[in-house]
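What follows is one structure encoded as structure tokens, with my remarks underneath.
The values are calculated or read from the model by the stated rules, or taken from the named source; none is laboratory data. The structure presented is a predicted model; accordingly, all values stated were derived computationally and were not measured. We place every Cβ from the backbone using ideal geometry, glycine too, and count neighbours over all the protein chains shown.
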């Protein structure tokens, strides 16, 4: 077997890319890389199926690429599926760059054929030069250590068997095989950032050292191994630092603090909305590299992706942690990072008017139980007589008030301007806003916090503070029981 083909076969084996009998979808553009990939896989005995996408960007040239792929697959005896798409129009509809839209559509087509044919893998033709270009590109964008690891040999169903060979090796192989290929004219233009790296930066580096591409690839492998170790530590530390979270794609987080602080239902609306609250003090104590990685992972967890999250964004958040409570910075994907006392909150939750107010009918309350459902919990109110056997309940989520001391209409609502609560036996009061501040309640949670009030006087800020004015005493005849329970 030729050394070039053997090198690729060995790389496929070492990275466990293709199993015995696996069907493989091959992305075929007609360029040297994809032509080489298809030919080598075919020679190695893989069950290959080709997919070509005509992006309708280059007119006759694109049509000629399509015709070339059809003829090549006929010669090799490889089934071919061709897709056509006006990528410029698609990019406009999707609000993406043409390059992003083309990539999204290509991989959607590959996946469609993979499912249709029952294929195990999708093979794409990135080579060692592409890996080096990606590392350089990521460095200039401010990516972290994961960006330095470049393109992965295997990612899910996607495999890249040619990452072990350079572009000049590929073209030399095709020349020996007597196989021509197509050249995309846009790849020759220096108007694109990646093409500048390809035609200017890499050639310059090769002038300095003809092994530059191999050295960059080796560094990428080492960076990936380092990233895996760092990431494993960071994932454990991130979980330790999370004190509150909401991810709407899986409902309420299994976190008691989320539920008991009443924020999950009132702060949410769309399935893409998420929030992470982290222990700021715990993060600051960690080594810098772990700290940076935690911030990166936290932003990505809220965003659902890592693309466009750069070192600058991570540094902005690290600097934010030195700021006072209430400070914030904007991040990609409509995400905001803000400081709330000892917490760093990273969120894309859309804050809508979550206020509510429900008057409690006295006659209904006298006759039985009044229940109001709030998110995943409910507030129950009922009246019972007081006697010598009555026991005072001491529980943050069940309170007892002397019903005879309540002189006005009761209401379950969210906080309002001017709310206050009696804090001692002398009748001294404190603004409810101050109570929230003293208890370090996040300012956005305050908007939806349920309270039981009589006018502007708060009887109970649920789960937080109870008024001293309505305590049970020797003269109490009727008790108003107030309780909050999870459904």
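Data for the structure
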| item | result |
| --- | --- |
| Scope segment 194-223; condition in contact with a helix residue (DSSP H, G or I) (Cβ under 8 Å, 6 or more places away or on another chain) and within 28 Å of residue 287 (Cα to Cα); matching residues | 216, 217, 219, 220, 223 |
| Segment 292-316, subset at pLDDT 90 or above, under 18 Å from residue 148 (Cβ atoms) and within 11 Å of the chain's Cα centre (by Cα), residue surrounded by the most Cβ atoms within 10 Å (Cβ to Cβ) | 296 |
| Cβ pairs under 7 Å, 6+ apart, first in segment 468-485 and without any contact (Cβ under 8 Å) to a residue 60 or more places away in the chain, second buried (at least 16 other Cβ atoms within 10 Å of the Cβ) and assigned to a strand (DSSP E or B) | 468/422 |
| When residues of segment 101-124 are limited to those that are out of contact with any strand residue (DSSP E or B) (no Cβ under 9 Å at 6 or more places or on another chain) and surrounded by 14 or more Cβ atoms within 10 Å (Cβ to Cβ), the one nearest to residue 22 (Cα to Cα) | 104 |
| Enumeration of residues in segment 125-152 that are at pLDDT below 95, buried (at least 18 other Cβ atoms within 10 Å of the Cβ) and part of a loop (DSSP other than H, G, I, E, B) | 143, 144, 149, 150, 151 |
| Yes/no for residue 88 being under 10 Å from residue 55 (Cα atoms) and either outside the structural domain of residue 193 (by TED's automatic domain parsing) or surrounded by fewer than 20 Cβ atoms within 10 Å (Cβ to Cβ) (or both) | yes |
| Flag for residue 174 being touching a strand residue (DSSP E or B) at 6+ places or on another chain (Cβ under 7 Å) and in the same structural domain as residue 36 (by TED's automatic domain parsing) | no |
| Members of segment 164-173 that are outside any loop (DSSP other than H, G, I, E, B) and surrounded by fewer than 23 Cβ atoms within 10 Å (Cβ to Cβ) | 164, 167, 168, 169, 171, 172, 173 |
| Any hit, segment 48-65, residues being assigned to a helix (DSSP H, G or I), touching a helix residue (DSSP H, G or I) at 6+ places or on another chain (Cβ under 9 Å) and either farther than 20 Å from residue 153 by Cβ or not assigned by TED's automatic domain parsing to the domain that holds residue 174 (or both) | yes |
| Yes/no for residue 387 being in the same structural domain as residue 288 (by TED's automatic domain parsing) and either closer than 21 Å to residue 448 by Cβ or not in a helix (DSSP H, G or I) (or both) | no |
| Matching residues in segment 317-359 - criterion: being surrounded by fewer than 13 Cβ atoms within 10 Å (Cβ to Cβ), touching a helix residue (DSSP H, G or I) at 6+ places or on another chain (Cβ under 8 Å) and either under 17 Å from residue 274 (Cα atoms) or not assigned by TED's automatic domain parsing to the domain that holds residue 240 (or both) | none |
